[in-house]
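J.: Starting off with a structure, shown below.
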Amino acid sequence: MQSPSQSVKTKDLVAQGLWGNNPVFRQLLGICSTLAVTNLLMNTLVMGVGLIYVTAMSSLTVSLLRKVIPTRIRMMAQVLIIAAYVIILDLLLKRFAPDISDELGAYVGLIITNCIIMGRCEGFARSNTPWPSFVDGLAMGAGYTLVLLCIAFVRELLGAGTLFGVQVLGDWWTPWIIMVMPPAGFFMLAAFIWIVRGCWPPPEEAGAK
Amino acid sequence: MPASRKEQFRTVASVVAITAVFTALVATVQAFTRDGILANERLKEVRGAFDAFGIEYSRDMTSEQLETLAKERLKPKAFGGLKGFEVVDANRKRQGYIFPIAGPGFWGPISGYIALDTTGSRIVGISFVRHSETPGLGARITEDWFRRQFVGKTTEPPPGQARAIRFVQEGKPKGPNDVDAITGATGTSRGVEKFLNDNLARIRAAMTR
């Protein structure tokens with residue numbers, strides 16, 4: 001049964017993951033995949049859901065095993081656990097959603113290298129109880145997904161004239177091909193972080209002004 | 001501080017145990033999904049061959065229905081060492097040919113099918129089934145606009161040209177056997193141009209023997 005202090009904590013964890021301690025624009029983690037998959041909204045969505053699943057399950061597992069895994073090999077164990085869940089995700093996609101699996105291609109395997117997952121396992125799950133760790137994993141994954149969807153919205157709209165594959169801008173629009181290429185990922189992400197941190201500075205920065 | 005014998009043993013034992021557990025988990029999922037994944041792969045190949053020629057099928061068809069259709073319409077035929085298919089209609093009349101094509105793309109191997117008319121001198125269609133190209137860039141080879149370009153092209157190089165099909169920059173004036181490359185996907189375009197022409201040369205040589 002959850003005590004009142006625990007349920008407040010759940011709300012806090014969600015708020016932190018989605019906004020206050022957002023893994024992408026506050027912690028600056030998971031940047032590589034942000035650059036790679038945000039050229040199409042559908043790919044971003046599937047990648048995001050996959051990451052939410054892996055982060056939540058890995059955090060939960062690491063938390064459950066935190067007293068069992070010796071400290072000196074904890075990172076090896078974390079990577080092993082993360083890799084296992086990612087491979088399972090890959091197999092399930094290939095079996096039940098082969099078209100989406102084809103769309104994402106190598107990016108699913110690259111989830112293993114996403115710093116957010118290791119970051120949460122090492123920074124939260126190994127020193128917290130299972131339920132908060134699971135929620136933290138879900139929230140951080142969701143925060144990442146939301147940021148990526150915002151960036152992908154702009155990149156796909158301007159780079160291909162479509163949203164989720166549906167043609168939105170008519171023939172009058174000449175697609176900005178650069179939006180679909182990696183450089184656009186760089187400056188779109190930078191612009192996004194700049195705007196968000198400018199309009200909503202984190203408490204330390206606001207206090208310093 | 002060096003670890004004691006007992007700590008060392010515990011560390012090694014933990015690694016072995018964790019590895020065993022999670023490897024077993026992945027192996028179990030793999031065992032359950034293996035047949036389904038192989039079936040999906042086979043279906044992709046069959047659909048790819050149909051797409052190349054333009055044989056109509058419904059996305060809702062079951063694998064049995066697709067296999068039956070494949071047995072009716074595609075007759076395996078070997079031209080010397082080259083294996084292909086004769087396409088026949090409901091009355092067993094020859095409509096054309098389908099050959100598998102493959103070669104290196106930018107990130108990895110690309111494979112698909114090319115469909116020719118009954119004389120073997122004109123392309124009826126093309127499909128790309130397996131590739132690891134960048135989504136939104138090289139992966140656009142699977143899009144309709146790209147594949148449609150090859151319809152009607154000859155398999156013989158036009159007079160004065162070394163290669164049968166030439167890839168030119170989008171927007172540039174095109175000769176009778178030229179197609180648009182994909183802007184922003186130079187590596188993929190060059191790879192496809194090379195292996196497509198190599199495959200066509202081999203097919204021509206095998207069919208005229």
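The values are calculated or read from the model by the stated rules, or taken from the named source; none is laboratory data. Being a predicted model, the structure only gives us computed values, none of them experimental. Because the Cβ atoms are built from the backbone with ideal geometry, glycine has one as well, and the counts that use them run over all protein chains shown.
J.: Just give me the residues in the stretch B:103-120 being surrounded by fewer than 16 Cβ atoms within 10 Å (Cβ to Cβ) and either touching a Cys at 6+ places or on another chain (Cβ under 8 Å) or assigned to a strand (DSSP E or B) (or both), in sequence order.
T.: Passing the criteria: B:PRO104, B:PRO109.
J.: For the stretch B:168-186, which residues satisfy the criterion of being among the hydrophobic types (A, V, I, L, M, F, W, C), within 14 Å of chain A (Cβ to nearest Cβ) and surrounded by fewer than 20 Cβ atoms within 10 Å (Cβ to Cβ)?
T.: If the condition is that a residue be among the hydrophobic types (A, V, I, L, M, F, W, C), within 14 Å of chain A (Cβ to nearest Cβ) and surrounded by fewer than 20 Cβ atoms within 10 Å (Cβ to Cβ), then no residue fits.
J.: Applying the selection to the stretch B:51-78, what residues are modelled with pLDDT under 90 and among the aromatic types (Phe, Trp, Tyr)?
T.: B:TYR57
J.: May I pose another question? Inspect the stretch A:149-161 for any residue being touching a helix residue (DSSP H, G or I) at 6+ places or on another chain (Cβ under 9 Å), within 26 Å of B:ILE18 (Cβ to Cβ), more than 14 Å from chain B (Cβ to nearest Cβ) and part of a helix (DSSP H, G or I) and give the result as yes or no.
T.: The first filter runs over the stretch A:149-161 and keeps only residues touching a helix residue (DSSP H, G or I) at 6+ places or on another chain (Cβ under 9 Å), leaving A:149-160.
This time we only want the ones that are within 26 Å of B:ILE18 (Cβ to Cβ), so: none.
For the stretch A:149-161, residues touching a helix residue (DSSP H, G or I) at 6+ places or on another chain (Cβ under 9 Å), within 26 Å of B:ILE18 (Cβ to Cβ), more than 14 Å from chain B (Cβ to nearest Cβ) and part of a helix (DSSP H, G or I): absent.
J.: Restricting the search to the stretch B:121-167, which residues are away from chain A (no Cβ under 11 Å), basic (Lys, Arg) and not in a helix (DSSP H, G or I)?
T.: If the condition is that a residue be away from chain A (no Cβ under 11 Å), basic (Lys, Arg) and not in a helix (DSSP H, G or I), then B:ARG122, B:LYS153, B:ARG163, B:ARG166 are the ones that fit.
J.: Which one of B:ALA102, B:ALA3 is among the small types (Gly, Ala, Ser) and either within 11 Å of chain A (Cβ to nearest Cβ) or on the phi > 0 side of the Ramachandran plot (or both)?
T.: B:ALA3
J.: Let me ask another. Tally the residues that are closer than 20 Å to B:PRO135 by Cα and either part of a helix (DSSP H, G or I) or touching a helix residue (DSSP H, G or I) at 6+ places or on another chain (Cβ under 7 Å) (or both), restricting the search to the stretch B:168-209. Walk me through it before giving the result.
T.: Residues of the stretch B:168-209 that are closer than 20 Å to B:PRO135 by Cα, as a first pass: B:169-170, B:180-193.
Keeping just the survivors that are either part of a helix (DSSP H, G or I) or touching a helix residue (DSSP H, G or I) at 6+ places or on another chain (Cβ under 7 Å) (or both) gives B:181-193.
Count: 13.
J.: So, one more: Can you pull out every residue in the stretch A:35-73 that is within 12 Å of chain B (Cβ to nearest Cβ) and charged (D, E, K, R)?
T.: A:LYS67, A:ARG72
J.: Quick check on my filter: what residues within the stretch B:148-158 are surrounded by 18 or more Cβ atoms within 10 Å (Cβ to Cβ) and touching a residue at least 40 places away in the same chain (Cβ under 8 Å)?
T.: If the condition is that a residue be surrounded by 18 or more Cβ atoms within 10 Å (Cβ to Cβ) and touching a residue at least 40 places away in the same chain (Cβ under 8 Å), then B:THR155 is the only one that fits.
J.: Can you name every residue in the stretch A:175-190 that is facing another protein chain (nearest Cβ under 9 Å) and touching a residue at least 60 places away in the same chain (Cβ under 8 Å)?
T.: Within the stretch A:175-190, A:VAL180, A:MET181, A:PRO182 qualify.
J.: Collect the residues in the stretch B:67-87 that are without any contact (Cβ under 8 Å) to a residue 40 or more places away in the chain and aromatic (Phe, Trp, Tyr), keeping them in residue-number order.
T.: B:PHE85, the sole residue that qualifies.
So that you can scan it fast, the table gives a plain yes or no per residue for (1) closer than 30 Å to B:SER132 by Cα; (2) of a type in the set (A, V, I, L, M, F, W, C):
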position	(1), (2)
A:SER59	no, no
A:ARG72	no, no
A:PRO98	yes, no
A:LEU104	yes, yes
A:GLY123	no, no
A:PRO130	no, no
A:MET140	yes, yes
A:THR145	yes, no
A:LEU149	yes, yes
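J.: Next up: Yes or no: B:THR33 within 12 Å of chain A (Cβ to nearest Cβ), within 21 Å of B:ARG130 (Cβ to Cβ), free of Cβ contacts under 8 Å to residues at least 40 places away in the same chain and of a type in the set (Ser, Thr, Tyr)?
T.: The answer is yes for B:THR33.
J.: If you don't mind, there's one more thing I want to ask. Within the stretch A:1-84, considering only helices (runs of 4 or more DSSP H) that don't extend past its boundaries, which have at least 3 residues that are at pLDDT 85 or above?
T.: A:4-15, A:41-64
J.: Out of (1) within 20 Å of A:ALA97 (Cα to Cα); (2) within 14 Å of chain A (Cβ to nearest Cβ); (3) without any contact (Cβ under 8 Å) to a residue 24 or more places away in the chain; (4) in a helix (DSSP H, G or I), what's the single condition that is false for B:ALA13?
T.: (1)
J.: Another question, if that's okay. Quick check: anything in the stretch A:91-106 within 24 Å of A:ILE151 (Cβ to Cβ) and either away from chain B (no Cβ under 14 Å) or in contact (Cβ under 8 Å) with a residue 60 or more places away in the chain (or both)?
T.: The answer is yes; a qualifying residue exists.
J.: Identify all residues within the stretch B:36-65 that are away from every other protein chain (no Cβ under 14 Å) and in a helix (DSSP H, G or I); write none if there are none.
T.: B:ALA49, B:PHE50, B:ALA52, B:PHE53, B:GLU64, B:GLN65
J.: If you don't mind, there's one more thing I want to ask. Which condition breaks for B:ALA90 when tested against (1) in contact (Cβ under 8 Å) with a residue 12 or more places away in the chain; (2) closer than 30 Å to A:GLY105 by Cα; (3) outside any strand (DSSP E or B)?
T.: (2)
J.: List every residue pair whose Cβ atoms lie under 6 Å apart, where the two residues are 6 or more positions apart in sequence or sit on different chains, the first residue falls within the stretch B:159-179 and is on the phi > 0 side of the Ramachandran plot, and the second residue, located anywhere, is among the hydrophobic types (A, V, I, L, M, F, W, C) and in a strand (DSSP E or B).
T.: Pairs that qualify, where the first residue is on the phi > 0 side of the Ramachandran plot and the partner is among the hydrophobic types (A, V, I, L, M, F, W, C) and in a strand (DSSP E or B): there are none.
J.: Then there's this: Among the residues of the stretch A:136-166, which ones are free of Cβ contacts under 8 Å to residues at least 12 places away in the same chain and not aliphatic (A, V, I, L, M)?
T.: A:THR162
J.: Suppose the filter is assigned to a helix (DSSP H, G or I) and under 24 Å from A:ILE73 (Cβ atoms); does A:GLU122 pass it?
T.: Judged against the criteria, A:GLU122 is a match.
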